[in-house]
Amino acid sequence: MRLFQKSLILTGLIILSLSQTACDKFLSVDPPYTQDVENFFQTPEDFDRALTGAYDMLQASFLTMWIGEIASDNAIAGGESVNDSPGLHQIDNMTHGGVNVELRNVFRWNYTGLTRANYILENKDNIDFPGKAHIIAEAKFLRAYYYFELVKYFGDVPLIIDKRIGIEEALQIARSPKAEVYAQIEKDLKDASEVLNPVASQKGRATKGAALSFLGKVYLYQNKFTEAAATLDEVIASGSYSLTPSYVDLFSVANENNSETVFDVQYTGLEGGSYGCLICLEGNAAVGFQGIRQYNGPVYGDGNSYNLPTQELYDAFSSIDGRRAATILDIDAFIATQPNPASITYAVGAGGHTGFYNNKYIKRQGEIGLPDNDLTSPVNYRVMRYSDVLLMAAEAHYQLGQTSTAQQLVNQVRGRAGVPGIPVNSIEVIYKERRFELSGEGLRFFDLVRTGQAATYIDGFVTGKHELFPIPQVEIDLTGGNWSQNPGY
Amino acid sequence: MIKKLFIQLLFIGISGFAFSQEMSVTGFVKSEQNVGLPFVKVQVKGVTTGVTTDGTGFYRLKVSDAANSTLLFSLTGYEKQEVKLNGRSTLDIILVELVNNQQEVIVGYGTAKSKEVTGATSKVNGENIEKMSVARVDQALQGQVAGVNIATNSGSPGGSSNIRIRGLSTFGDNDPLILVDGVVYDSEGLNALNPSDIKSINVLKDATAGIYGVRAANGVIIVETKKGNINSKPQVEYNAYWGQQQTSRKLDLLSAQEYAVIKNEMFAMGGQDMPFNNTNLGIGTPWQDSVFQTAPIQSHNLSISGGTMNTRYSIALGYFNQDGIVGGPKSNFSRYNARLNFSTDMSSKLKLNSVLLYSNDARSTLPENGIGSVLYNTINAFPNVPIRKPNGQFSYMEEVSDIINPIAQMQNQYNWNTANKIVGKEEFIYEFNDHLSFTNRVNYNVAFVDGKVFSPLVWYGDGKYANTAINDDLESPTVELAPGVEINRGAAVYEERSTFVDLTYESFLNYEKTFAENHKIKGTAGVSIFQREGSSLNGTAFGIPNNSVAYADISANTAQGGYLNNVGSWEFTERLVSSFLRAEYSFKEKYMFSGIVRRDGSSKFGANSRYGIFPTASAGWLLSEESFFKVKFIDYAKLRISYGVSGNDQIPNFAYRGLLNGEGVYVFDDLITQGVAIGRPSNPDLKWETTRQLNIGADFTFWKKLDFTTNYFIKNTFDLLFQPDVTAIIGSYGPGGYPPVINAGNVSNKGVELEFAYHLRKKKDFSTDLNFNVTTITNKVTKVPDGVDYIPGAGFSVGGDIATRFQEGYEIGYFFGYETAGIYQTQAEIDASGVVQDGAKPGDLIFVDQNGDGVINFNNDSDKTYLGSAIPDFTFGFSFNVRYKAFDLSGMLYSAIGQEIIRNYERQQPYANQLGYMVDRWTGEGSTNENPRVTTESTRNNLFSSYYVEDGSFARLKNVQLGYSFSAAKLKKIKVDSFRIYLSANNLFTLTRYQGFDPDLGSSGALSAGVDYGFYPQAKTFMGGVQLKF
């Protein structure tokens, strides 16, 4: 007992007199089994994994598939009611302002994407290994992609290059002029195109052709027609791409990553998902949302009736143009052709109904992901198709007075669609052809804006205001209120 | 008179004969209420040994010199009595309960008489907790202590409450430090604690809680479990109650007929076809009647306590079971408890205190208080649709994709959690002498927490978000693993097993000595080392056979090759090393001074700011001891003041470090490829929040009956830890990404607390105790992070505006939106209003032009304003306990006044059902100025406005109890010490104007408080119980 008492007291006294160094050591706890932000990029695998993380944010592009259509004359917002994604309805009606969930997500998610690319580029000199140059090139391509999205939507945006910034620094950063952002995008794409493989080592990775095609598009958005023509010609001359024989089958999962694919955002249905974090999904949320509401019948799956093509778009097509049916599903006409039409049902959403659905990106049976399958469509978003490259090249050449080249390119696209060639005697012919070829793919609004036609075609469009979307007001507030809002908002 | 004389003579005679002889003295010790007091220590003065009274208060003591001996009677909480025996062989005694100021309170690493205390503390006795007949101690504590606001997070069985000591002081975790016999319990962990095991609860509210340093900023709650008594026979106690619960409220929803009429009008107004040809649909389906049910509750506690010469013990077993009023057994809480408190003198100088608490608690839950919860679906379910279709299938309600049949939902929900917890303490106290003692103790808290969720294949109708099957035949979705290789997903089960191990070693010296009679010195010095480790392993398995819960286990999965099945895990370690010093000095027990310093080192913070020092000073003046103090009716008067600094470290572990725990997953070659991404950016300068608190208080006793305590406090919290919404350009808003944790912002709480306790024990048969307390707190954000105007909080409706904010000059989480001023009756009124309200038509809400620019701006916040807050202006607690002869009646009333609630349980979709008030909607000029028109077209009526804000004030009779105690004399014959039966009711009535299920609506998040998504209401419970001692 004596000994026990003594040892107890002794232990207590030792504890009472703990040394500072012992404390320090005891309190330095490393997070178990977790790699840290600051000690990463030690192996080639680290670079590769960070790059995958940077690719991840491409999946946010489904928003552009919506907004690029809904903001234009191609589609209405649709949905369950006007309170179902009210931000899209505001964009549809050109009543959008500084408070808009979808626009804020565009802003946030693209900044996250470019931050992930910057994180790689910040650490690019850590180690050397074969293949590093390609990883750096892919990171630059991705950064350019995200900045291009931002500049298309918002114009001047803060330009952050090769570093991460903290809260304090964020308060000091101003919006960079659009021209500076474009210059950085051009530089990144040029750098990338010099290194990237012509053929991707894995389906989904950026290629030389993708970098050049985007570079061409970026030139075109700035009306740099000479550079655009040269760059796009390089893509065409590379011979890497060709139009597929059938336009109708272009958008099925089975036909993904074909000869016409310049760059796809990859999606899969192999992982489930739920509402609440659309950016956490690995599936394409737009496709399920664009499905037919409460549809019960063959071929298609049920969805949320978002992004519904307009009668006006339907009417714009020539009736002999097969691209009309491939682009637009006339639901009642479709049902009438089915074996037992009376058994097929669907519902009309209170958010609007046109009788038409986006037939390129729509939930089809056999292309259904894990639950909730409205959110997990495996259908890739074809953000850069070869026909887009051809039509952009046509536009650039036409603007440079090379009308015969332009005509040949336009008719190459028409030929594949099975419609007769036409004379290209005005720039509007090319613009129209872009609409026939690329409707439903999220390009229309930005095409109308860059070609100065938006006010003509979009109800409620105010010139001098609606060319740009407003910077989300809360983002202005969170950086100290120093940024001016875009004009008109 | 003659009788009295006779007795006196008899005594004298006996004393004469008994001189110098050993004899037995017997007697009863009773309280003023004439109830036998057990555990009273009875000893002869000058002799250390003695006996204790049994359950009836009876004692028998051998006395060697009955003529000259003096007997000492002592019991904690009662005044000591010395009685000269004068040779008597029987001696009955009445012990008087100590007035509050003499009671012992726990102040952290020591105790003090409340007379000596210089801080603001409150004490609640275990019986007042047990009497509330609830599952959790936090529910029982509501309204009992001034300055402690408790709001219920959920009325479901096992649902937690949030405890706020002296207001909301931070954006993040506001929970106080809860210590049970010295062991840290978190708010969730309170599920494991049996309220019947509690002896007392002490609440440290002011800066003197600073003895707990970096964890003390939100106050400290010290819970002590029951102990045995020296030299007492085993006392067996059995307490039990049984009850039935029902909902305290159902909402007034539209009948099928009203629904059809209103929906027809809504569609017609929107220019669409009317959905109902026939509106004569009667009442329709009263969904609430099927969702709510009566549910049983029961509790049993069995304990034995006693002691020998140098050992005390108390052991207990407990069982509690409660079904939910929504979902019955699907929303259940059950608990088994076992407890052992054991103390022994290992030698004359070394004492051992040992505590062992085991608990097994199990909880099953339904989705609650959110969009998609059972009650949210119940409120919005269509009344024209039956629960089941004629073919027996559940009806679908396909017109709204996120409203599902609540009955089907409950049936398909399987969500269980169990926790096995072993908590204990081994404490060795070595007493060098009467003045100096040395305590060394080890505390442990080991918890094994298991969770399981079974997701069967279900079908709620076309397009429903909650479907897991692909059709109503419950066919499974298939997954393509590789081209041509498809497997069924089937039903899934998720399991998680987590282990938490807390270890604390504490070592401290206590010194107490009075010098020259007038100078009393107390000192405490020690260290504390704390470590918490947690780890978890979880897995999901697919292909559960037969879609049946009978096989809901990972082991039963049939997923081919284990494909699809996935696993996850996490681990953490956190540590705290602290040293503390407290010095107290009092002069003549009139002037008291105390100083505390604590130094904490926490692994939660980076090397730049790992250590913090927290000092506190306090003083007291016992005015009533002064010779000049001659106010007759004031028996006791004390003034107190304290000021000090404490901290709050409740942030995630490793928050100062940037972690690659984000999600960076992409698809290459059609396969999911795992990459990495930054989860949360780093902040190496991150440090604890600091709270500086001033307390000025006074304690009085008037007429020996009325205790009164008041405190005024100013509590300022600096460097708030939080993860505010940050700018997008730092790039943290990806999947798995979070904003960084930063120190920014200040909050101030000022308040007044009043506590009254009235005791009337004049007559033998009658006694009354009344307790009343009032708290008022003014909460204000005094600073937000630089460059930020406000921090957005909870959203309104689905994808709607932000309704709550953290903003300088306002309460935390105040409501911000458009103020309404009735309904536009005519187009002429709109035209003449002088304000352009875009899109306004007759029947729409009139928004107030706050900035007076003639336009209601819907693009920014310039026309939005303050619409209220979830923080009450006043809270009141009132309890009474009246005894008359064998009957006792007690009750507890709680009231919170001046808070608002956001009505956010209405799905703003055309087909969703609505509340009864829509019957009085606007239908034309002059019809109403309250509720807007109905239409399917786009209006701004569903923007967040004062229309959706309601007064949340309420008063609730939390408990009322009527008991009857059988006569002790009769019970004695059957060897029973006491037997009491009672009837009791919880939440018998609630006075409120709030329309929702329950105005007592808490939230663990400071910014989501007061947002009602269809809150699981507290049950109204009727119970009967017994209390038996032998």
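Residue A:172 meets the conditions (1) touching a residue at least 12 places away in the same chain (Cβ under 8 Å); (2) within 14 Å of chain B (Cβ to nearest Cβ) in every case but one. The failed one is (1). Against the list (1) β-branched (Val, Ile, Thr); (2) facing chain B (nearest Cβ under 10 Å); (3) under 18 Å from the mean Cα position of the chain (by Cα), the condition residue A:34 fails is (3). Of all the numbered requirements in (1) under 24 Å from the mean Cα position of the chain (by Cα); (2) within 19 Å of residue B:785 (Cβ to Cβ); (3) at pLDDT 90 or above, residue B:718 misses one, and that requirement is (1). Counting the residues of the stretch A:202-214 that are part of a helix (DSSP H, G or I), of a type outside the set (Lys, Arg) and without any contact (Cβ under 8 Å) to a residue 40 or more places away in the chain gives 1. If you go through the stretch B:553-594 and keep only what is surrounded by fewer than 19 Cβ atoms within 10 Å (Cβ to Cβ), free of Cβ contacts under 8 Å to residues at least 60 places away in the same chain and hydroxyl-bearing (Ser, Thr, Tyr), you end up with B:555, B:569, B:591. Out of everything in the stretch B:539-552 that is in contact (Cβ under 8 Å) with a residue 24 or more places away in the chain and small (Gly, Ala, Ser), what residue ends up being nearest to residue B:520 (Cα to Cα)? Taking the candidates together, the pick is B:539.
Pairing each residue of the stretch B:475-504 that is of a type in the set (Lys, Arg) with any residue that is part of a strand (DSSP E or B), provided the two are 6+ apart or on different chains, yields C-beta distances under 7 Å for B:489/B:478; B:489/B:479; B:489/B:542; B:497/B:450; B:497/B:536; B:497/B:537. Checked against the criterion of being without any contact (Cβ under 8 Å) to a residue 12 or more places away in the chain and either part of a helix (DSSP H, G or I) or in the same structural domain as residue A:442 (by TED's automatic domain parsing) (or both), the stretch A:342-355 has at least one qualifying residue. Against the criterion of being buried (at least 22 other Cβ atoms within 10 Å of the Cβ), within 30 Å of residue B:209 (Cα to Cα), of a type outside the set (Val, Ile, Thr) and not assigned by TED's automatic domain parsing to the domain that holds residue B:207, residue B:715 qualifies.
If the condition is being within 26 Å of the chain's Cα centre (by Cα) and at positive phi, then the stretch A:395-446 contributes A:440, A:442.
With respect to residue B:588, is the statement that it is more than 14 Å from chain A (Cβ to nearest Cβ), touching an Asp or Glu at 6+ places or on another chain (Cβ under 8 Å) and charged (D, E, K, R) true?
It is true that residue B:588 is more than 14 Å from chain A (Cβ to nearest Cβ), touching an Asp or Glu at 6+ places or on another chain (Cβ under 8 Å) and charged (D, E, K, R).
Within the stretch B:376-427, the residues that satisfy the criterion of being in a helix (DSSP H, G or I) and hydrophobic (A, V, I, L, M, F, W, C) are B:379, B:407, B:408, B:410. Of all residues in the stretch A:74-87, exactly one satisfies the criterion of being within 10 Å of another protein chain (Cβ to nearest Cβ) and among the hydrophobic types (A, V, I, L, M, F, W, C), namely A:82. For residue A:403, the conditions (1) farther than 30 Å from residue B:739 by Cα; (2) in contact (Cβ under 8 Å) with a residue 24 or more places away in the chain; (3) surrounded by fewer than 23 Cβ atoms within 10 Å (Cβ to Cβ) all hold with the exception of (2). Those residues that are of a type in the set (D, E, K, R) and closer than 15 Å to residue B:131 by Cβ, I need them from the stretch B:861-911; list them, please. Hits for the stretch B:861-911 are B:883, B:888.
When residue A:223 is tested against (1) within 11 Å of another protein chain (Cβ to nearest Cβ); (2) not in a helix (DSSP H, G or I), just one condition goes unmet, and that condition is (1). Filter the helices (runs of 4 or more DSSP H) completely within the stretch A:399-489 down to those with at least 3 residues that are at pLDDT 95 or above and either farther than 18 Å from residue A:102 by Cβ or within 14 Å of chain B (Cβ to nearest Cβ) (or both). Counting at least 3 such residues, we get A:403-417, A:427-438, A:444-450, A:454-457. Just to verify a result, which residue in the stretch B:48-67, among those that are touching a strand residue (DSSP E or B) at 6+ places or on another chain (Cβ under 9 Å) and exposed (fewer than 15 other Cβ atoms within 10 Å of the Cβ), is modelled with the lowest pLDDT? Checked the stretch B:48-67; the qualifying residue modelled with the lowest pLDDT is B:49.
Taking the stretch A:90-104, which residues are touching a Gly at 6+ places or on another chain (Cβ under 9 Å) and within 7 Å of another protein chain (Cβ to nearest Cβ)? Within the stretch A:90-104, A:99, A:101 qualify. Quickly run through the stretch B:937-951 and pick out the residues that are of a type in the set (A, V, I, L, M, F, W, C) and either assigned to a strand (DSSP E or B) or within 10 Å of chain A (Cβ to nearest Cβ) (or both). Correct list: B:943, B:949.
For the stretch B:942-970, filtered to residues that are touching an Asp or Glu at 6+ places or on another chain (Cβ under 6 Å) and not hydrophobic (A, V, I, L, M, F, W, C), the residue that is farthest from residue B:816 (Cα to Cα) is B:963.
Between A:185, A:173, the distinction of being β-branched (Val, Ile, Thr) and modelled with pLDDT of 95 or more belongs to A:185 only. Answer with yes or no whether residue A:274 is in a loop (DSSP other than H, G, I, E, B) and either away from every other protein chain (no Cβ under 14 Å) or without any contact (Cβ under 8 Å) to a residue 40 or more places away in the chain (or both). The answer is no for residue A:274. Of the set (1) among the small types (Gly, Ala, Ser); (2) more than 14 Å from chain B (Cβ to nearest Cβ); (3) out of contact with any Lys or Arg (no Cβ under 8 Å at 6 or more places or on another chain), all apply to residue A:193 but (3). Considering the stretch B:687-703, and only residues there that are out of contact with any helix residue (DSSP H, G or I) (no Cβ under 7 Å at 6 or more places or on another chain) and farther than 30 Å from residue B:622 by Cβ, the residue that is modelled with the highest pLDDT turns out to be B:690.
Only one of the listed residues (A:166, A:216, A:204) is over 21 Å from residue A:122 (Cα atoms) and within 13 Å of chain B (Cβ to nearest Cβ). That residue is A:204.
Any residue at all in the stretch B:442-454 that's more than 30 Å from residue A:274 (Cβ to Cβ) and within 12 Å of another protein chain (Cβ to nearest Cβ)? Yes, because at least one residue in the stretch B:442-454 is more than 30 Å from residue A:274 (Cβ to Cβ) and within 12 Å of another protein chain (Cβ to nearest Cβ). Looking at A:206, A:144, just one residue is touching a Leu at 6+ places or on another chain (Cβ under 7 Å), under 24 Å from residue A:68 (Cβ atoms) and not assigned by TED's automatic domain parsing to the domain that holds residue A:64, and that residue is A:206.
Just to be sure before I move on: is residue A:241 part of a helix (DSSP H, G or I) and of a type in the set (Phe, Trp, Tyr) in the structure I sent? No: the conditions fail for residue A:241.
The values are calculated or read from the model by the stated rules, or taken from the named source; none is laboratory data. Just so it is clear, the structure is predicted and the values come from calculations on it, not from any experiment. FYI the Cβ positions are ideal-geometry reconstructions off the backbone, even for glycines, and counts take in every protein chain you see.
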